[in-house]
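Read through the structure below, which is laid out as structure tokens, and then see the notes.
The values are calculated or read from the model by the stated rules, or taken from the named source; none is laboratory data. Keep in mind that this is a model prediction, so the values were computed, not measured. Every residue, glycine as well, gets a Cβ built from its backbone with ideal geometry; the counts of neighbours run over all protein chains shown. What goes into the accessible areas is simple: the full protein's heavy atoms, side chains included, and nothing from ligands, DNA or RNA. Shrake-Rupley method; radii C 1.70, N 1.55, O 1.52, S 1.80 Å.
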Amino acid sequence: MTEQPHPTRATEAFFGRRKGKPLRERQAEGMATLLPALKLDIETPVLRLPDLFPEPVERLRLEIGFGGGEHLVHRAQENPTTGFIGVEPFVNSMAKLLSRVGELGLKNVRVYDDDATEVLDWLPEASLDQIDLLYPDPWPKRKHWKRRFVSAVNLDRFARVLKPGGHFCFASDIDTYVNWTLLHCAAHPAFEWTAGNASDWLTPFSGWPGTRYEAKARREGRSSAYLTFRRV
């Protein structure tokens, strides 16, 4: 089977700054020890994603831009037989997640600390059950819309790595980005929106733990949308 060409990589990153406040001592230790142990080696081809995890997993999920890591840690605890790959280029967020992974002894988490498109292009075809993109940077200025992660090119990437019947879950409190995502997914032949009525997209995903971004949005009077698209 001939290898299919990957979509063109963006000329601008989909994320902003990489570092914030200096790390605490424990966080720095986690970055020095756990990150090398859990980071994906995308220079090495992988045939079976379950082999990345030390214990057997039945499902595989990718979370792009996990922020404080609350959602990923919650899901990893809730679903010990699911393997989770978390991508987050912001150093402080990665350090927080690794601290929690170490404290809880989670065996079903792997991470990557750079551009998520690199991971998407490395993953085997039809290897994921779910992709989560939760409260991504909305890049509100029109001139920056090209930096939004949801795009025709990245939906091609999602379609390649999701299993038939797999899901792409998106959450945001920014109306323009919600509409943007609905329009892009409606225009892509590989995805169908699963909502049957308004309550479907106004109701958080099953088992949803909430995130700090969601809490901030509510404090500021913004409601959120929770969109689920099926890979057809």
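Data overview
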| read-out | value |
| --- | --- |
| Filtered residue count, the stretch 193-212, keeping only those that are in a loop (DSSP other than H, G, I, E, B), under 16 Å from S223 (Cα atoms) and over 17 Å from the mean Cα position of the chain (by Cα) | 1 |
| Among the candidates E78, E63, residue that is at pLDDT 95 or above, open to solvent by less than 30 Å² (accessible area, probe 1.4 Å) and of a type in the set (D, E, K, R) | E63 |
| Matching residues, the stretch 135-174, being charged (D, E, K, R) and free of Cβ contacts under 8 Å to residues at least 24 places away in the same chain | K141, R142, K143 |
| Search result, residues across the stretch 200-229 that are more than 18 Å from I131 (Cα to Cα) and open to solvent by less than 60 Å² (accessible area, probe 1.4 Å) | E214, A215, A217, S224 |
| Any hit, the stretch 189-197, residues being of a type outside the set (D, E), buried (at least 19 other Cβ atoms within 10 Å of the Cβ), modelled with pLDDT of 95 or more and under 30 Å from D51 (Cβ atoms) | yes |
| Subset of the stretch 73-112 [closer than 20 Å to L123 by Cβ, touching a residue at least 60 places away in the same chain (Cβ under 8 Å) and among the aliphatic types (A, V, I, L, M)] | M94, V109, V111 |
| Wholly enclosed helices (runs of 4 or more DSSP H) of the stretch 81-179 bearing at least 3 residues within 12 Å of the chain's Cα centre (by Cα), on the phi < 0 side of the Ramachandran plot and crowded, with 19+ Cβ neighbours inside 10 Å | 116-122 |
